[in-house]
2 protein chains.
Amino acid sequence: MPADFEAELKKIASRVDSELEALLRPEGAQHSRLSDAMHYAVMGGGKRLRPYLVVASAELFGVPAASAMRTAAALECLHTYSLVHDDLPAMDDDDLRRGRPTAHRAYDEATAILAGDALLTLAFEILSEPPTHRDPAVRAYLVSRLARAAGAQGMAEGQMRDLLAEGKSLSEEEVLDLQGLKTGALFSFAAEAGAILALAPADDHIRLARFGATLGLAFQIADDLLDEEASEEELGKATAKDRAKGKATLPALLGIAEARSRLDAAVSAARDLIEPYGDRARKLSAALDFTANRKK
Amino acid sequence: MPADFEAELKKIASRVDSELEALLRPEGAQHSRLSDAMHYAVMGGGKRLRPYLVVASAELFGVPAASAMRTAAALECLHTYSLVHDDLPAMDDDDLRRGRPTAHRAYDEATAILAGDALLTLAFEILSEPPTHRDPAVRAYLVSRLARAAGAQGMAEGQMRDLLAEGKSLSEEEVLDLQGLKTGALFSFAAEAGAILALAPADDHIRLARFGATLGLAFQIADDLLDEEASEEELGKATAKDRAKGKATLPALLGIAEARSRLDAAVSAARDLIEPYGDRARKLSAALDFTANRKK
């Protein structure tokens, strides 16, 4: 990835990590096996791309950093819950995540289930409380918006369809629907977050939400291409595993060349969506460049 | 249970069930395996005691029925999520719940995990949206209050401790702490809900939250006594199983007679807490009578 984007991503990741650390280990709270497992899962060295998008969107709309950081941290808690549960033996049955044992391997299944539950719950707790935004209407809307992105009409339904698709052949439309739910919904929330926190006009909400969903699609295709092409060592997780399981991906359905052309088209469509913001959207634009050229 | 309480509980359960039906099968939403599993788990004939408490608390403070119903429905979604996950093979490994196969037996483990996740998410979605209360500050506070009751400092931590306690001997204090987290936290939310929805003074919040926690303790002791005494047929779930697993309960620790006397003391303490409200708290009082004399 470009050196300046890499540096910026690391800088934001480090600030989000501090925020997460404070939220996961609040003063006065007892350590417990549960809070340890939550901490283990969250502080596992993720790229923090979703938090980056929240911060980039907040910057575009001039939102104070504290609001952006808490929203970014809440989203990362929710994203991590989905990884912890998706990795479970009854789901994708993965032993490795971000180069380390998955939560149920490092602890046990029951602890991983509860840690995921508690991270999901924590995400809504963070969003609902005053430090996230002084206006309670914004806080309530953040909760509603994220719950809809994550629930039975969003990410959870996407994961259900992904499991049901194993060994079946889906149409291109079905794959796009599935990935829109599983990945696009949270990316869409992340990109829209700045508009929500700034009480921006409806047009901006729609534009940013679309940008996020389109970037999410591009990110997912890039992820699936890497899964086909890269080695396990480079990625720090099992690869070619999705294909072995018969998971529905665009590279599997259309071939690598055609999938790459869909990736380019999605990146181009996303770029058009933020073009009107010019230089104010430079951090969002950098995330697009990164996605278009992802090597890990 | 007394005939009038039974009739009132059924009446409220029926109204909550209608609300839940509308929330679980929103117009325009597609049926899916996930939404079917959520519906199966929620509409399984629970007593709806927590929703009853929300409605009783709302009545005490003169809260409109629509607000109370949505809050009650959200709480029941969250309670059901906890049952679905607690029943999983990696947790309590139960095959039977409310006289029917548990969600992971009727569907499969992955579907049950996702259905629980989506019910937890739905609870916060319901609370955060305008029909629950016109004041967004109330909605945001409901989310925060319930998230704290359910998360890593509440119910999820209680379940973690319950699992860790298997085969170990806990002190009475440890058992009380555990049950306060696992059962008391949600009962406390339920009883306080009316005060939250009515923007009542802080004194009322504290009093009702304490009432709920104390009622929750009484309810848990009654549940554990039934588990020791009743037959599987009467309860519709496996019994004496908790003891076989070495679960930490007051009857196991103190014996049946002493546990019954603790139950009576809790009921009496809870009664004192709502005494100042007189007849306005009659529905809460009836729930106490029911708990004191529970036969199923």
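Taking the label point 7 Å along Cα→Cβ, A:ARG105 and its counterparts in the other copies are spaced 3.3 nm apart, in ascending order. Counting, for every residue in B:135-146, the Cβ atoms of other protein chains within 10 Å of its Cβ and taking the mean gives 6. Heavy-atom accessible area of B:LYS11 with all protein chains present, probe 1.4 Å, nearest 10 Å²? Here the residue's solvent-accessible area equals roughly 110 Å².
Chain A against chain B buries an accessible area of about 3500 Å², both chains summed, 1.4 Å probe radius. The slack between A:SER18 and A:LEU254, meaning 0.36 nm per residue of separation minus the straight C-alpha distance, is 80.8 nm.
If you plug the beta carbon distance of A:GLU172 and B:ALA29 into 1/(1 + (r/R0)^6) with R0 = 25 Å, you get a FRET efficiency near 0.60.
Between the exposed loop cleavage positions of chain B, defined as GluC sites (Glu not before Pro) in a non-H, G, I, E, B DSSP state with at most 14 neighbouring beta-carbon atoms within 10 angstrom, the longest gap is B:28-165. Across the range B:247-254, coupling constants 3J(HN,Hα) worked out from phi with the 6.51/-1.76/1.60 Karplus curve, θ = phi - 60°, read 5, 7, 9, 5, x, 5, 7, 10 Hz, and Gly and Pro carry x.
Placing a pseudo-label 7 Å from each Cα along the Cα-to-Cβ vector at B:SER268 and A:ALA106 gives an inter-label distance of 5.0 nm. For the range A:209-225, the Karplus equation 6.51 cos²θ - 1.76 cosθ + 1.60, evaluated at θ = phi - 60°, returns couplings of 4, 5, 4, x, 5, 6, 4, x, 4, 4, 4, 5, 4, 4, 4, 5, 5 Hz by residue, with Gly and Pro reported as x. For the residues of B:156-169, the average number of beta carbons from a partner chain within 10 Å of their own beta carbon is 4. Partners of A:LYS10 within straight-line reach, counting aspartates and glutamates whose Cα lies under 18 Å from its Cα and excluding those fewer than 8 residues away in the same chain: A:GLU19, A:GLU21, A:GLU59, A:GLU76, A:ASP289. Loop-located trypsin sites (Lys or Arg not before Pro) in the range A:107-192 (DSSP state other than H, G, I, E, B) with a sparse environment of at most 13 neighbouring Cβ atoms within 10 Å: A:ARG134, A:LYS168.
Which entries in A:LYS168/A:LYS295; B:LYS247/B:LYS295; A:LYS247/B:LYS182; A:LYS11/A:LYS168; A:LYS182/A:LYS295; A:LYS11/A:LYS182 show an alpha-carbon gap greater than 31 Å? Beyond 31 Å: A:LYS247/B:LYS182; A:LYS11/A:LYS168. A 1.4 Å probe run over chain B, with the rest of the protein chains in place, finds 38 Å² accessible per residue. Computed over protein heavy atoms with a 1.4 Å probe, the carbon and sulfur contribution to the accessible area of chain A reaches 49%.
Say we join alpha carbon atoms closer than 10 Å with springs in a Gaussian network model of chain A; which of A:ALA190, A:ALA112, A:ALA152 then has the biggest fluctuation? In the Gaussian network model the winner is A:ALA152.
Structure remark: mean-square fluctuation, Gaussian network model of chain A, C-alpha springs under 10 Å; the largest value among A:ARG70, A:ARG33, A:ARG280 belongs to A:ARG33.
On the principal axes of its alpha carbon atoms, the protein assembly as shown extends 73, 46, 45 Å, with the longest extent given first.
Shielding value for A:30-40 is 3, the average number of Cβ atoms from other chains within 10 Å of each residue's Cβ. Under the classification rounded if a/c is under 1.5, otherwise prolate if a/b is larger than b/c and oblate if not, where does the range B:3-292 fall, given a ≥ b ≥ c as square roots of the Cα gyration tensor eigenvalues? Oblate shape, in that a/c is at least 1.5 and b/c is the bigger or equal ratio.
The values are calculated or read from the model by the stated rules, or taken from the named source; none is laboratory data. All values derive from a computational prediction rather than experimental measurement. Cβ sites come from the backbone with ideal geometry, for glycine too, and all protein chains shown count toward neighbours. Remember, those area values only see protein heavy atoms, side chains included, never the ligands or the DNA or RNA. Shrake-Rupley method; radii C 1.70, N 1.55, O 1.52, S 1.80 Å.
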